[in-house]
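Read through the structure below, which is laid out as structure tokens, and then see the notes.
The values are calculated or read from the model by the stated rules, or taken from the named source; none is laboratory data. Everything quoted here is computed from the prediction, not taken from an experiment. Backbone-built Cβ (ideal geometry, glycine too); neighbour counts: all protein chains shown. All accessible areas refer to the heavy atoms of the entire protein, side chains included, with ligands and DNA or RNA removed. Shrake-Rupley method; radii C 1.70, N 1.55, O 1.52, S 1.80 Å.
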Amino acid sequence: MYGHRARIGYTSPPAATEVFPYEFYKMVPDGVTLVVNTLPLVNRDSDEVDRAYEVSMNAAHAMKRAGCDLFCFGGLPINVSRGFENAGDLARSTEAEIGIPVITSFSAQQDAFAAVGADKVGCIQPYDATHTERFESYVRELGGTPVGCEPVNAIFVELGKVDEEQILALGQKLGREHPEMDTIYIPCPHFATANAIEPLEAEFGVTVITALQAIVWRSLRGAGIEDRIEGYGKLMREH
């Protein structure tokens, strides 16, 4: 049957979700399936984020009833909308309530940073430069020190249109300008990044952590699947 190894529940912030399931199935081994609930984000404003938080809580119970082996609260900005310290409490209290392992997008990325020893971190963030400070604060909260940040200049509802060649080029720009960098971090799992991971790691000798890759990695490990997966970076292959 589908999901005979693990069924991973996930709340996906974009109302129009496209990239996350596509890249999820690129990375996971056979027998792992995604159970997805899309949230009401179109413009990603504060009202939508608040509503998404409440919908996520209801979705957690639905994921338990659907038979998921692990549930992930998607959307780092949603996870931390009531404080970074609340994200851990959210996962722990929900896990106690529904009786299956619960993680967050934030905790998955935090665990990925810790696993690879991310220190000096260059970031490729999806929006315009006015969001750079916010993403650099995420790097700090995840355990790294930001050393550079390149904007993709995309719009939330159009993230599916981002060309992965642009991500590769921005990663190469970071690599050339910041030789001290040991990690490239690509937050937001809703634009194409999977095929940029290996080329950037090979060219610059860094570790690449993407939000989607970290969520997949942590979900697999939390569901008891220890497969070492080739093609999507050191995190999936070595940890």
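Worth a mention:
- For M27, the conditions (1) open to solvent by less than 10 Å² (accessible area, probe 1.4 Å); (2) modelled with pLDDT under 95; (3) closer than 27 Å to A154 by Cα all hold with the exception of (2).
- Counted residues, the range 200-212 - those being in contact with an Asp or Glu (Cβ under 9 Å, 6 or more places away or on another chain) and outside any helix (DSSP H, G or I): 5
- Checking T11, T33 one by one, the residue that is modelled with pLDDT of 80 or more, touching a Lys or Arg at 6+ places or on another chain (Cβ under 8 Å), hydroxyl-bearing (S, T, Y) and open to solvent by less than 40 Å² (accessible area, probe 1.4 Å) is T33 and no other.
- Only one of the numbered conditions (1) out of contact with any helix residue (DSSP H, G or I) (no Cβ under 8 Å at 6 or more places or on another chain); (2) closer than 25 Å to Y10 by Cβ is violated by Q166, and that is (2).
- Residue that is closer than 29 Å to A6 by Cα, in contact with a helix residue (DSSP H, G or I) (Cβ under 7 Å, 6 or more places away or on another chain) and not in a helix (DSSP H, G or I), where the choices are I215, I229: I229
Residue by residue, here is whether (1) in contact (Cβ under 8 Å) with a residue 40 or more places away in the chain; (2) in a helix (DSSP H, G or I); (3) among the β-branched types (V, I, T) holds:
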| residue | (1), (2), (3) |
| --- | --- |
| Y138 | yes, yes, no |
| C149 | no, no, no |
| Y185 | yes, no, no |
| E198 | no, yes, no |
| L235 | yes, yes, no |
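- Leading residue by the ranking (nearest to H131 (Cα to Cα)) among those in the range 182-191 that are touching a Leu at 6+ places or on another chain (Cβ under 9 Å) and either of a type in the set (K, R) or open to solvent by 10 Å² or more (accessible area, probe 1.4 Å) (or both): C188
- Tally, over the range 108-149, of residues that are open to solvent by 50 Å² or more (accessible area, probe 1.4 Å), among the hydrophobic types (A, V, I, L, M, F, W, C) and closer than 15 Å to A214 by Cα: 1
- Subset of the range 153-181 (residues that are over 17 Å from K26 (Cα atoms), open to solvent by 20 Å² or more (accessible area, probe 1.4 Å) and in contact with an Asp or Glu (Cβ under 8 Å, 6 or more places away or on another chain)): N153, L170, Q172, K173
- Scanning the range 201-212 for residues that are over 18 Å from the mean Cα position of the chain (by Cα) and open to solvent by less than 10 Å² (accessible area, probe 1.4 Å) returns a single hit, V206.
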